[in-house]
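Down below is the structure, laid out as structure tokens.
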Amino acid sequence: QVQLVESGGGLVQPGGSLRLSCAASRSVAVINVMGWYRQAPGKQRDVVATITNDGSPNVADSVKGRFTISRDNAKNTVFLQMNSLKPEDTAVYYCQCGYRGFDYWGQGTQVTVSS
């Protein structure tokens with residue numbers, strides 16, 4: 001079993017930056033792929049970015065060039081650096097991983113981009 005706890009969300013003005021963190025309850029070095037997803041009100045949950053345990057990232061086109069995913073296996077943590085934030089980035093952001101055939105999700109952290 002894996003517990004994921006997100007942090008770092010909040011209210012930011014357009015053009016601002018936030019850094020989300022996802023702390024895992026077990027070593028992320030044994031977890032092949034970890035990811036960030038987001039869900040805006042009334043919309044489906046969409047993938048934002050994923051990263052393999054060797055550090056290979058994959059970022060959605062909608063955030064490419066603005067968001068960066070990284071992981072620190074020594075700290076069992078995955079990060080999402082979000083720059084040049086737009087109002088349409090407003091959503092609840094969730095951390096996700098698969099482990100031994102099961103999907104695990106964090107509780108989510110709210111990101112609101114508004115002036």
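Each value in this text was obtained by applying a stated rule to the coordinates, not by laboratory testing. Since the structure is predicted, the reported quantities are computational estimates derived from the model, not experimental observations. Cβ placement follows ideal geometry from the backbone for every residue including glycine, while neighbour counts extend to all protein chains displayed.
Computed from backbone phi with θ = phi - 60° and the Karplus coefficients 6.51, -1.76 and 1.60, the 3J(HN,Hα) list for segment 63-75 is 10, 4, x, 10, 10, 9, 9, 8, 9, 10, 4, 5, 9 Hz; x is used for glycine and proline.
Taking every C-alpha pair closer than 8 Å and separated by at least 6 residues, the mean separation divided by the residue count of segment 46-108 gives a relative contact order of 19 percent. Segment 1-66 and segment 75-115 have Cα centres separated by 4 Å.
Using a Gaussian network model of the chain in which every pair of alpha carbons under 10 angstrom is joined by a spring, one finds that among Lys43, Lys75, Lys64 the greatest mean-square fluctuation is at Lys43.
Per the Debye formula on identical point scatterers at the alpha carbon atoms of the chain, with no solvent, log10 I(q)/I(0) at q = 0.13, 0.20, 0.21 Å⁻¹ is -0.44, -1.02, -1.12. Spin-label model, Ala60/Ala23: points 7 Å from Cα along the beta carbon direction are separated by 2.6 nm. Mean separation of Cα pairs under 8 Å and 6 or more residues apart, divided by the residue count, gives segment 76-115 a relative contact order of 42 percent. The lysines whose alpha-carbon is closer than 30 Å to the alpha-carbon of Lys43, local same-chain residues fewer than 8 away aside, are Lys64, Lys86. Applying a 4.7 Å Cβ-Cβ cutoff to the chain, the cysteines left without a disulfide-compatible partner are Cys97. Amide H to amide H, with H built 1.01 Å from N, Thr90 comes under 5 Å of Val113, counting only residues 5 or more places away or on other chains.
Phi-derived couplings, Karplus 6.51 cos²θ - 1.76 cosθ + 1.60 at θ = phi - 60°, listed residue by residue for segment 88-103: 6, 7, 4, 4, 8, 9, 10, 8, 9, 8, x, 8, 6, x, 10, 8 Hz, with x used for Gly and Pro. Partners of Lys75 within straight-line reach, counting aspartates and glutamates whose Cα lies under 13 Å from its Cα and excluding those fewer than 8 residues away in the same chain: none found. Listed values for segment 34-40 are Karplus-derived 3J(HN,Hα) couplings in whole Hz (6.51 cos²θ - 1.76 cosθ + 1.60, θ = phi - 60°), namely 10, x, 10, 10, 9, 9, 8, and x replaces Gly and Pro.
With the contact rule set at Cα under 8 Å and sequence spacing of 6 or more, what percent relative contact order holds for the chain? Could you put the intermediate results ahead of the total?
Values: 286 pairs, mean separation 42.0, N = 115.
37 percent.
Packing, taken as the mean count of other beta carbons within 10 Å per residue, orders the peptides 98-110, 11-23 from highest to lowest as 11-23, 98-110.
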